[in-house]
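These notes are about the structure you will find just below.
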Amino acid sequence: MVIYKEFQAVVLAGGGGSRMTELTHGKHKCLLPIGNVPMVWYPLQLLERAGFKEAIVIVSANMETNVSLALSNLNLKIKADIVPIEDAEDLGTADSVRLIHEKIHTDFIVISCDLITNIDIHEILNMYRKHNASITALMLPVPKVPDEFVTPGPKNKQKPETDLIGISNETGRLIFLASASDFEETIKISQTLLKKHPSFTIHSKLMDTHLYVINKWVLDFLVHNKNFTTLKGELLPYIVRKQLSKPPKQYLDDKNTSVVRLNVKDDIYHFAMEKPLDELIRKMSAFNDHDTDLEDAYHGDVIRCYAYIGTGKFGLRANTIQMYHLANTKISEWWGNEEQTIPNIASNATVRSTQMQDCRVGNNALVDEKTSLKQSHIGPNSVVEPKSRVSQSVIMENVTIKQKCVIQNCILCNGCVIEEGTELKDCLVGPQHIVTSGSQHSREVLTDPDKLIEI
C-alpha cells in the first residue's frame with residue numbers, strides 16, 4: 001500500500017518557452033542554465049529544502065531522456081518522478097495537471113520550473129492549513145530591473161504584462177485577479193465583494209509566481225470541467241470569483257445531487273463540499289476571520305482563496321529573455337554557495353586563466369591561458385581560447401570562443417562559434433550560429449532567421 005503525505009508536489013517543466021524562442025530553439029526551457037545549473041534545479045531544490053522527499057516533474061515526451069540525465073547529475077536528494085506528456089509544450093498548465101490527476105492523491109503544491117526564489121514554502125503551507133483553503137497563491141514584488149541593466153539583443157519597448165491582484169487587508173483573502181490589459185480605464189467592483197471585504201488593496205506591483213497550494217477537490221473539479229486550459233489565466237480567476245457566490249439551492253436540500261442534473265456554471269459546488277468534521281469544528285469555534293460583523297467565520301464561504309505575500313524575499317520567473325538574463329546576473333548574489341550544491345568550477349574543467357572573477361565553469365569546459373573572465377557562466381564542453389575577454393555573459397554548452405574575442409553582456413547559445421577577433425556587446429547568438437571573424441556587433445540577435453519561426 002502506498003502511503004501519501006499531507007502534500008504532494010508537482011513541478012511544471014513541459015513548457016516550450018514561447019516568449020524566449022531565441023534561447024529555446026534546440027534547448028528545452030527547463031534545462032536552460034542559470035548559474036550553470038538547469039533552471040528546473042531551483043524549484044526542486046526549494047521543495048527539497050522544505051522537506052519534500054519526492055516531486056512529480058511534468059515534461060514533454062521528447063524531453064524525458066534529457067531531463068532525466070540532467071537531474072541525475074545535480075546532487076539532489078529529492079526524488080523526481082518524471083512524467084512525460086505528449087506535446088506538453090503546446091498544452092496549458094491546467095491541461096497538464098489534469099492529465100496526471102491519477103498520480104495525485106492529496107492536496108498538492110504546483111510550482112513552475114522557471115520560478116527562482118528563496119521563499120520559505122512552509123509559510124505558504126501554514127497559511128493554507130490555517131484556513132483550510134481552496135487555493136493559496138504566492139505573490140512576490142515585481143522584480144526591479146536595475147537602471148544599468150541591458151538585455152542582450154535589440155531594444156524592446158514591449159512592457160511586461162501587469163496583474164491586478166486584490167487582497168483583503170484584514171484576512172489575506174485573494175478576492176480579485178485579472179490582467180490590467182482586460183480593463184481600459186475603470187474597474188467595477190461588485191456590491192457583494194465590498195460588503196464581504198470592505199477593506200482591500202488592488203496591487204499592480206505584485207507578481208503571481210505560479211506557485212499554488214491546491215485543495216484536492218479543485219483537481220477533481222478540473223478533471224470534470226475540461227473548459228479550463230490554464231491555472232493562472234483561467235482556473236484561478238474563476239475560483240476567486242466563485243468565492244462570492246452561494247451553492248445552488250439543490251445542494252442545500254440534497255448534498256448527493258448528481259452532477260448530471262447540474263448546470264456547468266454551478267457544478268463546482270458538487271466538489272467544494274466542506275468535510276462534515278471541518279464544518280462542525282468551524283461552527284463550534286469562536287474563531288472569526290473578520291471583525292466587521294458577527295457573521296459566521298469566512299462569511300460561510302466554502303470556497304476560500306488566499307494570497308501569501310513574500311516580503312523581503314527575492315523572486316522572479318525566468319520566462320522572458322530579460323528575466324532569464326537578470327536571473328543569471330543576480331544568481332550569485334541571491335543564491336550563495338551555502339545554498340548551492342554544485343561547485344563553481346567543475347572538477348573535470350580545465351582552467352588555465354589567472355584572471356577569473358565570480359565565474360562558474362561547467363563539466364569538461366576549457367578556459368585557456370591569457371584569458372580574462374568576469375561575472376560569467378561557462379557551460380559544459382565550451383572553450384575560451386587565449387587572449388579573449390568575457391564579462392557578464394552566459395555561455396551555454398559546446399560554445400567555442402576563438403582567440404582575441406571580446407564578449408560583453410551576451411548570451412551565447414548551444415554550439416555557436418565566435419570566430420577570431422570578434423567583438424560582441426549586448427548580443428544574443430543563437431544555437432549553432434557562426435559569427436564571422438573580425439566582425440563587430442552590438443544590440444543584435446545573431447541567428448539563422450528560420451530558427452526564430454515557430455511552426
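Here are a few things to note about the model shown:
- Filtered residue count, the stretch 176-209, keeping only those that are aliphatic (A, V, I, L, M), out of contact with any Ser or Thr (no Cβ under 6 Å at 6 or more places or on another chain) and under 29 Å from PHE314 (Cα atoms): 5
- Pick from the stretch 171-221, criterion over 26 Å from VAL145 (Cβ atoms) and among the charged types (D, E, K, R), ranking: least open to solvent (accessible area, probe 1.4 Å): ARG173
- Considering the stretch 194-227, the residues that are among the polar types (S, T, N, Q) and assigned to a strand (DSSP E or B) include one that is nearest to the chain's Cα centre (by Cα), namely THR209.
- The stretch 113-126 residues that are over 12 Å from ALA307 (Cα atoms), paired with ones that are of a type in the set (Asp, Glu) and open to solvent by 10 Å² or more (accessible area, probe 1.4 Å) (beta carbon under 9 Å, 6 or more apart): ASN118/GLU339
- Boolean, HIS433 is surrounded by fewer than 24 Cβ atoms within 10 Å (Cβ to Cβ), touching an Asp or Glu at 6+ places or on another chain (Cβ under 7 Å) and of a type outside the set (S, T, N, Q): yes
- Close contacts from the stretch 362-391, counting a first residue that is touching a residue at least 60 places away in the same chain (Cβ under 8 Å) and a second that is among the charged types (D, E, K, R) and open to solvent by less than 40 Å² (accessible area, probe 1.4 Å), with Cβ to Cβ under 9 Å and a gap of 6+ residues or different chains, come to HIS377/ARG360; ILE378/ARG360.
- Filter result for MET39 (touching a residue at least 12 places away in the same chain (Cβ under 8 Å) and under 13 Å from the mean Cα position of the chain (by Cα)): yes
- Selection status of ILE78, open to solvent by less than 20 Å² (accessible area, probe 1.4 Å) and more than 17 Å from the chain's Cα centre (by Cα): yes
The rows are residues; the columns are (1) open to solvent by less than 10 Å² (accessible area, probe 1.4 Å); (2) modelled with pLDDT of 95 or more.
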residue: LYS313; (1), (2): no, no
residue: GLU333; (1), (2): no, no
residue: ALA365; (1), (2): yes, yes
residue: SER376; (1), (2): yes, yes
residue: ARG389; (1), (2): no, yes
residue: THR400; (1), (2): no, yes
residue: ILE418; (1), (2): yes, yes
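The values are calculated or read from the model by the stated rules, or taken from the named source; none is laboratory data. The structure displayed is predicted, hence computed values, not measured ones. Please note: Cβ atoms are built from the backbone with ideal geometry, for glycine as well, and neighbour counts cover all protein chains shown. Calculation scope for accessible area: heavy atoms of the full protein, side chains included, ligands and nucleic acids excluded. Shrake-Rupley method; radii C 1.70, N 1.55, O 1.52, S 1.80 Å.
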